[in-house]
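Following: one structure in structure tokens, then a few remarks.
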Amino acid sequence: MRRPVRIALLATAGLAVLGYGSAVATLMWLQGRLIYPLERIRDLAPNPAADHLDRITLSSADGLPLVVRYHACPRPEGQTVVLFHGNGEDLTQRVHVAHDLIAAGHGVVLAEYRGYGGNPGKPHEAGLYADGRAVLEFAFRQTSRVVLHGYSLGSGVAVQLATEFPIAALVLEAPFTCMADVACTRFPYVPVRWLLRDRYDNLSKIGAVRAPVLIYGGRADGVIPARQFAQLFAAVRAPRRLVIIDEANHVDVWTKGGSTHVLAFLDALDMHLSTA
């Protein structure tokens, strides 16, 4: 091979390596914005229906004030469902779920995270766990029957807390196995498993959950493949149920039939707890 050709090939290879390294460095720097897209959320119009629920200010263990929404269960022996929302929304985007639960006779806490919904702070994995603990401590002051419902990113918070608190049940909507698995589907040629700071490793934790578990999601989910729902289900060691809704995607599972399955699950749980 002639020297000029060899030099040109080496230069091209060097530029490719440099470009790849720059792309990896950029993703590493931006991973917080990719997991927690706060700029996009600030442009969302809050759902005014959230104002029908009581506004409660809690405090995280590290001193951050957290504004959440609450509706008390009308029955002293009833269940209160804590809703943990996804990464691309605030708590007001889950109000339709809250109102369906309230109409069915359940109490609801719409949880919120640091950095979201006007709350101070910067979101990160340990911080969201701390926020969730503050919400659960509040919920358990109201009732002993607390159900966790985690949607998408919220599944990571819900699974962690389900290993720490004596909850009545765990419901996961469109959950992932771990954040690295989700990232790998979006960036297949990047070593995301080495780079991710916030991991939310549901698959390694869910086997420690002792409460009944319902997992549901859409077969047409383009964000989290449905096979991850099945992988999580297989790792559950408690009483469990898996529901895959054929026509649902990542954002419409509740309205495409998920609500029916969740409410039936809660009714069965209520009967079991009442006769136990």
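Of all the residues that make up the stretch 38-59, how many are part of a strand (DSSP E or B) and under 16 Å from residue 119 (Cα atoms)?
Within the stretch 38-59, the first condition is being part of a strand (DSSP E or B), and the residues that meet it are 54-59.
Imposing the further condition that a residue be under 16 Å from residue 119 (Cα atoms) reduces the set to 55-59.
Matching residues across the stretch 38-59 total 5.
Show the residue pairs that are 6+ apart or on different chains and have beta-carbon atoms under 6 Å apart, the first residue being within the stretch 126-151 and over 25 Å from residue 63 (Cβ atoms) and buried (at least 19 other Cβ atoms within 10 Å of the Cβ), the second being among the aliphatic types (A, V, I, L, M) and modelled with pLDDT of 95 or more.
145/168; 147/81; 147/168; 147/169; 149/81; 149/83; 149/171
Quick test for you: out of 164, 112, 173, pick the one residue that is surrounded by fewer than 22 Cβ atoms within 10 Å (Cβ to Cβ) and among the charged types (D, E, K, R). First the steps, then the outcome.
On the way: 112 fails: surrounded by fewer than 22 Cβ atoms within 10 Å (Cβ to Cβ); 173 fails: surrounded by fewer than 22 Cβ atoms within 10 Å (Cβ to Cβ).
Checking each option against the conditions leaves just 164.
From the set of residues in the stretch 209-260 that are of a type in the set (S, T, N, Q) and farther than 18 Å from residue 147 by Cα, which is surrounded by the most Cβ atoms within 10 Å (Cβ to Cβ)? Quick ask: steps written out before the conclusion?
Restricting attention to the stretch 209-260, the residues satisfying the condition of being of a type in the set (S, T, N, Q) are 228, 231, 249, 255, 259-260.
With farther than 18 Å from residue 147 by Cα added as a condition, the list becomes 228, 231, 249, 255.
On the way: 228: 22, 231: 18, 249: 16, 255: 12.
By that ranking, first place goes to 228.
Going by the conditions given, is residue 200 touching a residue at least 40 places away in the same chain (Cβ under 8 Å), at positive phi and among the hydroxyl-bearing types (Ser, Thr, Tyr)?
yes
Just a yes or no: is a residue in the stretch 202-217 β-branched (Val, Ile, Thr) and either in contact with a Cys (Cβ under 8 Å, 6 or more places away or on another chain) or in a helix (DSSP H, G or I) (or both)?
Just the residues of the stretch 202-217 that are β-branched (Val, Ile, Thr), to begin with: 206, 209, 213, 215.
Then keep just the ones that are either in contact with a Cys (Cβ under 8 Å, 6 or more places away or on another chain) or in a helix (DSSP H, G or I) (or both); that gives 206.
Checked the stretch 202-217: at least one residue is β-branched (Val, Ile, Thr) and either in contact with a Cys (Cβ under 8 Å, 6 or more places away or on another chain) or in a helix (DSSP H, G or I) (or both).
Kindly indicate which of 13, 111, 8, 25 is at pLDDT below 80, under 28 Å from residue 180 (Cβ atoms) and small (Gly, Ala, Ser). It would help to see each step written out before you state the result.
Numbers: 13 fails: under 28 Å from residue 180 (Cβ atoms); 111 fails: at pLDDT below 80; 8 fails: under 28 Å from residue 180 (Cβ atoms).
Of the residues listed, the single one that is at pLDDT below 80, under 28 Å from residue 180 (Cβ atoms) and small (Gly, Ala, Ser) is 25.
All but one of (1) over 14 Å from residue 70 (Cα atoms); (2) in contact with a Leu (Cβ under 7 Å, 6 or more places away or on another chain) hold for residue 151; which doesn't?
Every listed condition holds for residue 151 apart from (2).
Check the stretch 126-137 and report whether any residue there is farther than 26 Å from residue 229 by Cβ, of a type in the set (A, V, I, L, M), modelled with pLDDT under 95 and under 20 Å from the mean Cα position of the chain (by Cα).
no
Quick check on my filter: what residues within the stretch 136-158 are in contact with a Ser or Thr (Cβ under 8 Å, 6 or more places away or on another chain) and either part of a helix (DSSP H, G or I) or among the β-branched types (Val, Ile, Thr) (or both)?
Just the residues of the stretch 136-158 that are in contact with a Ser or Thr (Cβ under 8 Å, 6 or more places away or on another chain), to begin with: 139, 142-143, 145-147.
139, 142, 143, 146, 147 - these are the residues of the stretch 136-158 that are in contact with a Ser or Thr (Cβ under 8 Å, 6 or more places away or on another chain) and either part of a helix (DSSP H, G or I) or among the β-branched types (Val, Ile, Thr) (or both).
Which ones in the stretch 233-271 are part of a loop (DSSP other than H, G, I, E, B) and modelled with pLDDT of 95 or more? Give the derivation first.
Restricting attention to the stretch 233-271, the residues satisfying the condition of being part of a loop (DSSP other than H, G, I, E, B) are 236-239, 246-253.
Hits for the stretch 233-271 are 236, 237, 238, 239, 246, 248, 249, 250, 251, 252, 253.
Name every residue in the stretch 60-84 that is at pLDDT 95 or above, part of a loop (DSSP other than H, G, I, E, B) and over 15 Å from residue 104 (Cβ atoms), in order of residue number.
Those that are at pLDDT 95 or above, part of a loop (DSSP other than H, G, I, E, B) and over 15 Å from residue 104 (Cβ atoms): 60, 61, 62, 63, 64.
The values are calculated or read from the model by the stated rules, or taken from the named source; none is laboratory data. For clarity, every value in this text was computed on a predicted model and none was experimentally measured. We place every Cβ from the backbone using ideal geometry, glycine too, and count neighbours over all the protein chains shown.
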